[in-house]
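Remarks on the structure that follows.
The values are calculated or read from the model by the stated rules, or taken from the named source; none is laboratory data. Remember, it's a predicted structure, so these values are computed and weren't measured experimentally. Here the Cβ positions follow ideal geometry from the backbone for every residue, glycine too, while neighbour counts run over all protein chains shown.
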Amino acid sequence: MGKVFIVGAGIGGVEDLTLKAHRILSQAEVLIYDALADSSLLNLVPSTCKLINVGKRGGQPAITQTEINKILVTECQGDQQVVRLKSGDPTIFGRTVSEITALHSANCEYEIVSGISSAIAAPMLAGIPITDADLSPCFTVLTGHDLEILPWQGLGQIPTLIILMGTANLPNLLAKLKIYKSVDTAIAIIQWAGRSNQQIWTGTLGDIEVKLPSQLSPAVIVVGEVVKYHDWYRSAPQKPLAGKRILITRAAGQSSQFRQILENEGAEVVEMPTLVISAPDSWEALDQAIAEIQEYKWLILTSANAVEFFFQRLRFYNLDSRSLHNLKIAVVGRKTAEFLAQQGITPDLIPPDFIADSLAASFPDCTGLRILFPRVQSGGREVLITELEQRGAKVNAVPAYESGCPKYIDELALRSLRKKEIDILTFASSKTVKHFQQLLSQQFPVTEWSEWLSSVQIASIGTQTSVTCRELLGRVDIEATEFTLEGLAQAIKIKVQN
């Protein structure tokens, strides 16, 4: 018999998880999740984890609670560590009692792991304290689903009300509130709390309705005089990328650093992996090169993937960095050098510009030398091979890994694309551009996505990637001057600020 962890996801991203929730997600064997606001949470689970989406998406009917209960019991009985991931805190309007009852009846072990509820987080992120020594000695959290079952006489006496799921029934909710509270009572509506596109509307019970757009969900409503403190919050400086939704197209599992850089600047990030990194079709060529490693004078590594797969194959033969003592090592890019440092090695050559052309130009005399170049199976960096061979080197370019195109667009990214919610597209290699265009062409008519592209900005990590962007997407709006992820983020920030 396994165990079910009912885990609160908080208000969205990884940084808002509790440490315990983070640890449990990293060990999950089955993940049963709702329509989460942040896809980064799904990246925390192991690659072998079974994913079961029980949320409502794309206008399709939601799976029933009874069906969810059955899934929980079935997966638990399969002797798995099951994580039931819910937004906010699982015990606050989360239908957790129904799930616990089903688990208890089936003698399934379970544990509840708390999360940060939007009832607490949303007011705080809007600069509204829900308690105050003078204005609010207490508060109440309620749902706006069924107004007739609520004790309105008592609620009218409570200084601060936090209302979840109330925007769909807002006119009736406001009508009820005005019976038991003054029409001059302050109110705030906080949409997408904690995200870069968070919006806040304030007013009174009497005038708030005329200030609001037609689409408000998801939102948290705060009623009470503490709302006045929001005025202080409005004067706080915004982060430079606040309000921008940026699409990352790197390989699955390799976006975390870039994502964090952008989120630290205030952006909301959507991940759409356009690369699938895998082993080559055959290890034969690389294995032969490793067997003859003493005959080579230089090793060239142009990416973190090359470093990872090359050393993975060394370890397969019970070898480590000591077997490379006779070699000099050249890398392209500071990040590749950092990955190499994890193997205890400092490269002998890093070109000033982080491209293959610069490495060839910086390479010392290599006449008659054998050079090992583990690279992507599908090829690349041909200019490097050509130039070194023209200078008399004998370059052995062997497949060390492969980078292919995913079969489908990530579900959460697809939703953002369909809703035209993306402001900036980012590309860190030519392959990400090619695969992005390929995936879009499979999913949308060319006329549709071409028109959509005209309304977004396209950001490239460097000159070669920009060439491919212009060829396949028609233009480049932002290009990094330093060909790194930090450089790309800096270029985006400068563009947005100007």
Self-check item: Residues of segment 390-424 satisfying the condition of being over 30 Å from Val54 (Cα atoms) and β-branched (Val, Ile, Thr)
Solution: Val395, Val398
Quiz item: Which one is modelled with the lowest pLDDT, of the residues in segment 1-24 that are among the aliphatic types (A, V, I, L, M) and out of contact with any Phe, Trp or Tyr (no Cβ under 9 Å at 6 or more places or on another chain)?
Solution: Met1
Exercise. Test Gly333 against the criterion of being within 25 Å of Ala285 (Cβ to Cβ), of a type in the set (Gly, Ala, Ser) and crowded, with 19+ Cβ neighbours inside 10 Å, and give yes or no.
Key: yes
Quiz prompt | Which listed residue is touching a strand residue (DSSP E or B) at 6+ places or on another chain (Cβ under 9 Å) and farther than 16 Å from Arg250 by Cβ, from Thr426, Thr432, Thr463, Thr447 | solution = Thr463
Self-check item: Per-region count, segment 417-433, residues buried (at least 17 other Cβ atoms within 10 Å of the Cβ) and either out of contact with any helix residue (DSSP H, G or I) (no Cβ under 7 Å at 6 or more places or on another chain) or under 14 Å from Leu275 (Cα atoms) (or both)
Solution: 11
Quiz item: Are any of the residues in segment 394-404 out of contact with any helix residue (DSSP H, G or I) (no Cβ under 9 Å at 6 or more places or on another chain), assigned to a loop (DSSP other than H, G, I, E, B) and farther than 19 Å from Ser441 by Cβ?
Solution: no
Self-check item: Tally of residues being closer than 17 Å to Pro374 by Cα and either among the acidic types (Asp, Glu) or at pLDDT 85 or above (or both) across segment 327-344
Solution: 11
Quiz item: Failed condition for Gly224, given (1) modelled with pLDDT under 95; (2) more than 30 Å from Val276 (Cβ to Cβ); (3) surrounded by 16 or more Cβ atoms within 10 Å (Cβ to Cβ), with all others met?
Solution: (1)
Practice problem: Scan segment 404-425 and report the pairs whose first residue is modelled with pLDDT of 90 or more and whose second residue is surrounded by fewer than 20 Cβ atoms within 10 Å (Cβ to Cβ) and basic (Lys, Arg), with Cβ atoms within less than 8 Å and a gap of 6+ or a chain change. | Solution: Cys405/Lys434; Ile422/Arg245; Asp423/Arg245; Ile424/Arg245
